[in-house]
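A short worksheet on the structure shown next.
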Amino acid sequence: MHWRIGLCLLWLSSVGWAEDTVDVQYSYWRSASPASLAQVKNLPVDNWQRVAKLGSYGFDDAEYWIKLDIHNQGPQALKRVFRFVYPVLDEVDIYHFIDNALNQEWHLGDTVPGISRAVHEKNPAFKLTLLSSGHTEVYIRVASINAMVLTMEVLDDSQHDARVQLSILISGLVYGILLVMALYNLSLAVSIWDRAYFYYVAYVLCFIALVLALSGDGYYFLWRQSPTFNSAATPLFAGLLMIPSLLFPLYFLDINRYAPRVARLIKWGVVIGALYLICIPFMGLATALKIINVYSALVSVMLLIMGVYLSIKKVPFAVIYTLAWCSLLAGLLLLTLSSLGFIESSPFTRNANLLGGVIECVVLSLALAQRFRKERSVKIELIQHVLTAKSEAAKNLKMFEELFELAPVGIFRFKLNGELVAVNPALTKLLGFRDATGLLKQGNSIRGYFDNGLSMAREVLRKGAVIDRESTLTTSKGEERTCSISMRVQTQHQDHYVEGYVTDISERKHAQKIHELMERERMAVLEQLITGIAHEINTPLGNNITSLSHGLELLKAVETQMQDGQLTKKSFDGFIEDSYALTEIMSKNLQKITSLVERFKLVSVKNMDIELADIDIKQHLKNIIEGNFFVEESVQIILEVNGSGPIRSYPVAWHIILDQLLENSMLHGFRQGQADRKIMITLQQQGDNHWQFYYEDNGRGLADNIAKNVFDPFVTSVRGNDENAGLGMYRIYNVVRQVLKGKIKVLDGPGFKIQIRFHLPQHN
């Protein structure tokens, strides 16, 4: 189904454009050595190769010069966007001439900081205003270590916006599916601790990183100001991808067991990949790219042959793995052939690797789920078999006594009424008794020694067994021990018993708790911040997932109508309208996430433009109050400053503190409909350099649970507001402590009142 969705999206991107009055004639010249603009303009006409449209020219170290002769045959001026379809061109220099005079120039490509882009999108693009019945010339220089894909599109503003929105929709769909797969399998990996799941998650994440690099999304959205890193991103992420690509089948297919020689070959492949990653800084990017292309091709062929070989040997899940790998290889093959110019470049070929990768990841995730269910079933059967074997061995008295007496784990047997009838020395010692005789004479129920003993007894009677259940055991001396318990119902001579095994895991749990405590203490602040960020981002991210799900349903409906021949213009227009709406929703949610991240950056003093200056503090505070957007005229604000002359302080810091306090009071502090709203601001000089700042409003004040943690990140009394992230007071706290070198606290009393104590910095 996913390939149908992809084809539908690509079809939508190519239909619906009206005929254009702009005629563009394309010519190109391949230069083996660097050439200047003046040399290019003076080239003889015969040196230029005229083509109907530009295409792909493979991997080429030479420069390509493109000449565009543009004619506006219409009666009015037009604006057109000229857009390369390949986002990872390194250097794209554009020179626009009118009447043989240079009018504009742009320098684009993924070696240029993203902020300098002529048109705000991930692909190299520029916009021209074409005069009515006019002619203009454009010369373009292209140099790149990547494939020389020179295909261009000429679009009006609406067409360009639609292409960009469609690109965002496709990217969101791809990344959403891949992230869901990664997160789902990460949860399984953590719960069952299986290496195959961890390497699958690593593979998906590395694939996402490579897609970000190849698609231009990473450079445009993430590392826009790092062209150097962007140039190295493709060979780096491709190299990283190879390692989990090799390790995942090693553990997923248990190749060490079924094909040891193949396993050794895979391990050598991992070593080579690691050496390649280590050597990247010492080789040119062009060399690194060529090496990784050859290495990835060899690895791909090796894994394909390995999959076929293991499938013939009937290794479990080998066929599914091979088919999944073939889907990715097919997509990569189409992309490679298109990049090398063997087949025509199209939206489908340019996105074939994404489509193949998504199919592969989904199929492998389903295979992992099936493998997990199969292994769990086998494990349960094995456990049941072990319990049965132990029960049969118990019929032999001598063997049972040896096992019972010498077992390092606790063993017990009790009747269905709870009466304990047998207990071995290990459990006797664990329960705090000297011998089993005294324990059995008491007629104790074993259930009473465990915190969840009754519930486990009921469960074992209902299900027949309880396996590896953690419980807290209280000894006869009142000591608590953490244990793992397994129980099952056993029938002997028509009597029913419950037999169980107890393993003391207290030391292990204690060591784990100590480790966790130390880690929590070391990472307390970081964990709090990460939790807060995740909580704040969860809603817009969930909205995007919902929107993507709805988009899939719309696509399925259109697909069905197309197949049945029932697709009408009205329904198609409705689909386009809904798609635009979903795109807008997803775009707004992405903007919300970006806004949250940007606001989080604001709490760092390192991101603030903090400078010392001599200021009239009273006038400065007055200007801040008068310029605050949230202050209403009906609010009475009293400002009192007790001090003499200008002071040396940080103007930006006072802007941050007072603006945030005023915003909090106006938006959250006053009760709804409160008539008498008052704010009192006092700044007092206590000594030569010692000052106190008081801020008070007569609003509702803070709840006790909020007041004691008000300066912690993400603490807020207002939820459901996208603009409220609970970082305002945390930001004030950082400014007071790190910039003013002062102290801040909330004072008791009605309303909201804080006190800031600080010292003025000394003159140098």
Restricting the stretch 119-137 to residues that are touching a strand residue (DSSP E or B) at 6+ places or on another chain (Cβ under 7 Å) and either outside the structural domain of residue 77 (by TED's automatic domain parsing) or crowded, with 20+ Cβ neighbours inside 10 Å (or both), the one nearest to residue 33 (Cα to Cα) turns out to be 124
Every listed condition ((1) modelled with pLDDT under 85; (2) of a type in the set (Val, Ile, Thr); (3) buried (at least 17 other Cβ atoms within 10 Å of the Cβ)) holds for residue 208 save (1)
Going through the stretch 658-675 in order, the residues found to be of a type in the set (D, E, K, R) and either free of Cβ contacts under 8 Å to residues at least 40 places away in the same chain or on the phi > 0 side of the Ramachandran plot (or both) are 659, 671
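Conditions (1) modelled with pLDDT under 70; (2) part of a strand (DSSP E or B); (3) more than 30 Å from residue 713 (Cα to Cα); (4) not acidic (Asp, Glu), marked per residue:
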| site | (1), (2), (3), (4) |
| --- | --- |
| 503 | no, yes, yes, yes |
| 512 | no, no, no, yes |
| 527 | yes, no, no, no |
| 535 | yes, no, no, yes |
| 538 | yes, no, no, yes |
| 546 | no, no, no, yes |
| 549 | no, no, yes, yes |
| 552 | no, no, yes, yes |
Residue 180 passes all but one of the listed conditions (1) closer than 24 Å to residue 551 by Cα; (2) in contact with a helix residue (DSSP H, G or I) (Cβ under 7 Å, 6 or more places away or on another chain); (3) aliphatic (A, V, I, L, M); (4) touching a residue at least 60 places away in the same chain (Cβ under 8 Å); the exception is number (2)
Taking the stretch 115-161 and keeping only residues that are hydroxyl-bearing (Ser, Thr, Tyr), under 30 Å from the mean Cα position of the chain (by Cα) and within 21 Å of residue 26 (Cα to Cα), one is left with 144
For the stretch 285-301, pairs from a residue that is surrounded by fewer than 15 Cβ atoms within 10 Å (Cβ to Cβ) to a residue that is in a helix (DSSP H, G or I) and among the β-branched types (Val, Ile, Thr), with Cβ under 8 Å and 6 or more apart or across chains, are none
So, first residue modelled with pLDDT of 50 or more and part of a strand (DSSP E or B) in the stretch 15-26, second residue of a type in the set (S, T, N, Q) and surrounded by fewer than 15 Cβ atoms within 10 Å (Cβ to Cβ), Cβ within less than 9 Å, six or more apart or across chains; the pairs are 22/73; 23/73
Scanning the stretch 685-700 for residues that are within 14 Å of residue 747 (Cβ to Cβ) and either over 45 Å from the mean Cα position of the chain (by Cα) or part of a strand (DSSP E or B) (or both) gives 692, 693, 694, 695, 696, 697
Checked the stretch 465-517 for anything of a type in the set (Ser, Thr, Tyr) and either under 21 Å from residue 432 (Cα atoms) or surrounded by fewer than 12 Cβ atoms within 10 Å (Cβ to Cβ) (or both); matches are 471, 472, 474, 475, 476, 482, 484, 486, 491, 501, 503, 506
Matching residues in the stretch 67-90 (touching a His at 6+ places or on another chain (Cβ under 8 Å) and either small (Gly, Ala, Ser) or closer than 21 Å to residue 120 by Cβ (or both)) number 2
Per the filter on the stretch 111-146, residues of a type in the set (Ser, Thr, Tyr), within 30 Å of residue 238 (Cβ to Cβ) and touching a residue at least 60 places away in the same chain (Cβ under 8 Å) are 111
Within the stretch 58-103, of all residues that are within 30 Å of residue 333 (Cα to Cα) and of a type in the set (A, V, I, L, M), the one surrounded by the most Cβ atoms within 10 Å (Cβ to Cβ) is 92
Checked pairs for the stretch 153-169, first at negative phi, second part of a helix (DSSP H, G or I), C-beta under 6 Å and 6 or more apart or across chains, list as 165/583; 169/583
Conditions (1) of a type in the set (Gly, Ala, Ser); (2) part of a helix (DSSP H, G or I); (3) at pLDDT 85 or above -> residue 587 fails only (3)
Notebook entry, point to check: Has the stretch 47-66 got any residue that is more than 20 Å from residue 351 (Cβ to Cβ), assigned to a helix (DSSP H, G or I) and at pLDDT below 90?
Noted result: yes
In this structure, is residue 334 in contact (Cβ under 8 Å) with a residue 40 or more places away in the chain and among the hydrophobic types (A, V, I, L, M, F, W, C)?
-> no
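Listed here are the residues, each with its yes/no results for (1) at pLDDT below 75; (2) closer than 22 Å to residue 186 by Cα; (3) part of a loop (DSSP other than H, G, I, E, B).
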| position | (1), (2), (3) |
| --- | --- |
| 360 | no, yes, no |
| 370 | no, yes, no |
| 383 | yes, no, no |
| 390 | yes, no, no |
| 395 | yes, no, yes |
| 403 | yes, no, no |
| 448 | yes, no, no |
The condition from (1) modelled with pLDDT of 85 or more; (2) crowded, with 22+ Cβ neighbours inside 10 Å that residue 353 misses is numbered (1)
Exercise for the section: With respect to residue 108, determine if the residue is free of Cβ contacts under 8 Å to residues at least 24 places away in the same chain and surrounded by 15 or more Cβ atoms within 10 Å (Cβ to Cβ). Expected result: yes
Within the stretch 718-755, of all residues that are among the charged types (D, E, K, R) and either farther than 18 Å from residue 697 by Cβ or not assigned by TED's automatic domain parsing to the domain that holds residue 611 (or both), the one modelled with the highest pLDDT is 743
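The values are calculated or read from the model by the stated rules, or taken from the named source; none is laboratory data. Nothing here was measured: the structure is a model prediction, and the numbers come from that model. Cβ coordinates were reconstructed from backbone atoms using ideal geometry, including for glycine residues, and neighbour counts include every protein chain displayed.
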